[in-house]
Amino acid sequence: MIQENKKALWAAADKLRANVDAAEYKHLVLGLIFLKYISNTFTAHREEVESRLRDPDHEYYYGDAADEDIAAELEQRDYYTEANIFWVPEGARWETLRSQARRADIGRRIDDALSLVEADNPRLKGILDKRFARAQLPDGKLGELVDLVSTIGFGDDPAAARDVLGQVYEYFLGMFASAEGKRGGQFYTPAHVVKTLVGVLDMHEGKVYDPCCGSGGMFVQSERFVEAHGGRRGDVSIYGQEANPTTWRLAAMNLAIRGIDFNLGREPADTFTRNQHPDLRADFILANPPFNVSDWWHPSLDGDARWKYGTPPAGNANTAWLQHIIHHLKPNGRAGVVLANGSMSSSQNNEGTIRAAMVDADVVEVMVALPGQLFLNTQIPACLWFLAKAKKRKGEVLFIDARKLGQMISRVQRELTDADIARIANTVAAWRGVPLPFTEAGEAVTEGEQKKADYADVPGFCRSVTLAEIAEHGHVLTPGRYVGAEDVDDDDEAFDEKMRHLTEKLGEQLAKGAELDTLIRQKLGGLGYEL
């Protein structure tokens, strides 16, 4: 049902968009969804507090107070902040805005409401995008959008409401990313790719860091993985950084909607030159940095402590991202990074030397080659790097060739299925000698129910390779070079017999072709055309 509602909401919202650019429109829609959510959550908690104030058996009981005294007491913000609920001033509450939706100045009123919310909630300072007064929507469309968002039903249960709203927000992020095409990929990593990263990292608790966090999808999937495997929301703490100011706001709203505590730094900033978490050492790091960035270097980075394995080339940031990530790992931490395939083999401008130093230092744990057409913003083939300072199997790297996995969900986009993700994650778990996180079908297995499995190389799919063999191949990390060819079922038919059958079939097809050729000539001749 929720899936149908999401589609219906998107169709209605997209219709209201008219000719407004999707990149601009998404901030309006997602901003309104966020405002409605915090307002609904506030109102639900307010009703709960009121029932406690009137309950003689509750410690909040307010005696025989008059209704106006109860109403005044309900405006005490301590009741909300102690429950980690955002305080929403009266002028910013959703029903107030909804009653004004048809007014010509509704855009300004929404901006004012967002300013009020920011002023009363320091955690949201600078996060809410106040662009409604200057929105380029046709007359009346913004009011219609407010009415549309008003139809999103969250239910009475706060946890269920958060989940519904989170799903709607995530669905809209993905649809806007598709609508924007290449630009959309700058803030959105497909959920199935993130699930693969999270599944292989097998995280359960600790600090999670994303140095280029986009709209925060990595963090959302991390929390989901922990909960699906028997953990609790809050078992992981969130640290992120994002350079793009509008994307930084999207991430903050995405996390706040789900009640996830986060630290995205003081401000949006470049990860290399204005590191917002210089002292952080994380248990898990996930990242999908922009591929092959050529204009990242700054003279201040020369001699930086992060370049343990060599100074990255000024013309490509791939090895800079890898080294930044290793620098921020705890001694027993693990990381998963999406990069362009070239990162596995390029030897230009010190890249090969840095890669060799990382392999020899035994911090490269798993390499996964991905299928094509997974990403919205690029057709460049991609891979997954998994890094660890304390590997389960020292002196070896696991190579997985997943290029044949996935299914096409549109003419131009492929998606990894839950079973595909499980195959990759379970293969890594078996290789590490730890319990499998998923069933073969891709269902999460809670921590107490997980079982181990024996690892075995599978020709054409996976192989464990020693560092010495990798060195013999010039420290190239392309899985296809190591996993070999896929086993082909042999039907035991003798070669001569097989050729006889194939030749007979070819003869039949050639004869049929000759018949069709004669028929075509006859038809054309009857029309006065000769070949």
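Would you call Asp283 outside any helix (DSSP H, G or I) and touching a strand residue (DSSP E or B) at 6+ places or on another chain (Cβ under 7 Å)? I'd like the intermediate steps shown before the answer.
Values: outside any helix (DSSP H, G or I): yes; touching a strand residue (DSSP E or B) at 6+ places or on another chain (Cβ under 7 Å): yes.
When the stated conditions are applied, Asp283 passes them.
Sort out which residues of region 286-318 are crowded, with 18+ Cβ neighbours inside 10 Å and outside any loop (DSSP other than H, G, I, E, B), and write them in order of number.
Leu286, Ala287, Asn318
Pull up region 251-266, narrow it to residues that are open to solvent by less than 10 Å² (accessible area, probe 1.4 Å) and in contact with a Lys or Arg (Cβ under 8 Å, 6 or more places away or on another chain), then point me to the one that is nearest to Leu35 (Cα to Cα).
Ile257
Looking at region 362-410, which of its residues are open to solvent by 60 Å² or more (accessible area, probe 1.4 Å) and assigned to a loop (DSSP other than H, G, I, E, B)? Please lay out each step first, then the result.
Going through region 362-410, the residues open to solvent by 60 Å² or more (accessible area, probe 1.4 Å) turn out to be 373, 379-381, 389, 392-394, 403-404, 407-409.
Matches in region 362-410: Gln373, Gln379, Ile380, Pro381, Lys389, Lys392, Arg393, Lys394, Arg403, Lys404, Ile409.
Among what's in region 223-240 and is touching a residue at least 40 places away in the same chain (Cβ under 8 Å) and assigned to a helix (DSSP H, G or I), pick the residue that is surrounded by the most Cβ atoms within 10 Å (Cβ to Cβ). Please lay out each step first, then the result.
Of region 223-240, the ones touching a residue at least 40 places away in the same chain (Cβ under 8 Å) are 225, 228-231, 236, 239.
With assigned to a helix (DSSP H, G or I) added as a condition, the list becomes 225, 228.
On the way: Phe225: 23, Ala228: 15.
Checked region 223-240; the qualifying residue surrounded by the most Cβ atoms within 10 Å (Cβ to Cβ) is Phe225.
(1) among the hydrophobic types (A, V, I, L, M, F, W, C); (2) in a strand (DSSP E or B); (3) surrounded by fewer than 17 Cβ atoms within 10 Å (Cβ to Cβ): which one isn't true of Ala335, the others all being true?
If we test Ala335 against (1) among the hydrophobic types (A, V, I, L, M, F, W, C); (2) in a strand (DSSP E or B); (3) surrounded by fewer than 17 Cβ atoms within 10 Å (Cβ to Cβ), just (3) comes out false.
Collect the residues in region 17-39 that are more than 26 Å from the chain's Cα centre (by Cα) and not hydrophobic (A, V, I, L, M, F, W, C), keeping them in residue-number order. So that I can check it myself, show each step before the final result.
First, pick out the residues of region 17-39 that are more than 26 Å from the chain's Cα centre (by Cα): 18-19, 39.
Within region 17-39, Asn19, Ser39 qualify.
Which residue is farthest from Val168 (Cα to Cα), if the candidates are limited to region 35-80 and must be open to solvent by less than 70 Å² (accessible area, probe 1.4 Å) and aromatic (Phe, Trp, Tyr)?
For region 35-80, the residue satisfying everything is Tyr60.
Restricting the first residue to region 347-365 and requiring it to be at pLDDT below 95, which pairs with a second residue that is aliphatic (A, V, I, L, M) meet a Cβ separation below 9 Å and a spacing of at least six or different chains?
Ser347/Val476; Asn349/Ala314
Does region 414-432 contain at least one residue that is of a type outside the set (D, E, K, R), assigned to a strand (DSSP E or B), without any contact (Cβ under 8 Å) to a residue 60 or more places away in the chain and more than 28 Å from Gly174 (Cβ to Cβ)?
Residues of region 414-432 that are of a type outside the set (D, E, K, R), as a first pass: 416-417, 419, 421-422, 424-431.
Next, only the ones that are assigned to a strand (DSSP E or B) stay: none.
Checking region 414-432: not a single residue is of a type outside the set (D, E, K, R), assigned to a strand (DSSP E or B), without any contact (Cβ under 8 Å) to a residue 60 or more places away in the chain and more than 28 Å from Gly174 (Cβ to Cβ).
State yes or no: is Ala269 closer than 19 Å to Phe219 by Cα, open to solvent by less than 10 Å² (accessible area, probe 1.4 Å) and assigned to a loop (DSSP other than H, G, I, E, B)? Break it down stepwise before answering.
Values: closer than 19 Å to Phe219 by Cα: yes; open to solvent by less than 10 Å² (accessible area, probe 1.4 Å): yes; assigned to a loop (DSSP other than H, G, I, E, B): yes.
Yes; evaluated as a whole, the condition is true for this residue.
Return a yes/no flag: does region 411-429 have any residue that is within 27 Å of Pro290 (Cα to Cα), exposed (fewer than 13 other Cβ atoms within 10 Å of the Cβ) and not hydrophobic (A, V, I, L, M, F, W, C).
So far as region 411-429 goes, yes, one or more of its residues are within 27 Å of Pro290 (Cα to Cα), exposed (fewer than 13 other Cβ atoms within 10 Å of the Cβ) and not hydrophobic (A, V, I, L, M, F, W, C).
The values are calculated or read from the model by the stated rules, or taken from the named source; none is laboratory data. Keep in mind that this is a model prediction, so the values were computed, not measured. Note that each Cβ is placed from the backbone with ideal geometry, even for glycine, and that neighbours are counted across all protein chains shown. Areas reflect the complete protein model, heavy atoms only, side chains present, ligands, DNA and RNA absent. Shrake-Rupley method; radii C 1.70, N 1.55, O 1.52, S 1.80 Å.
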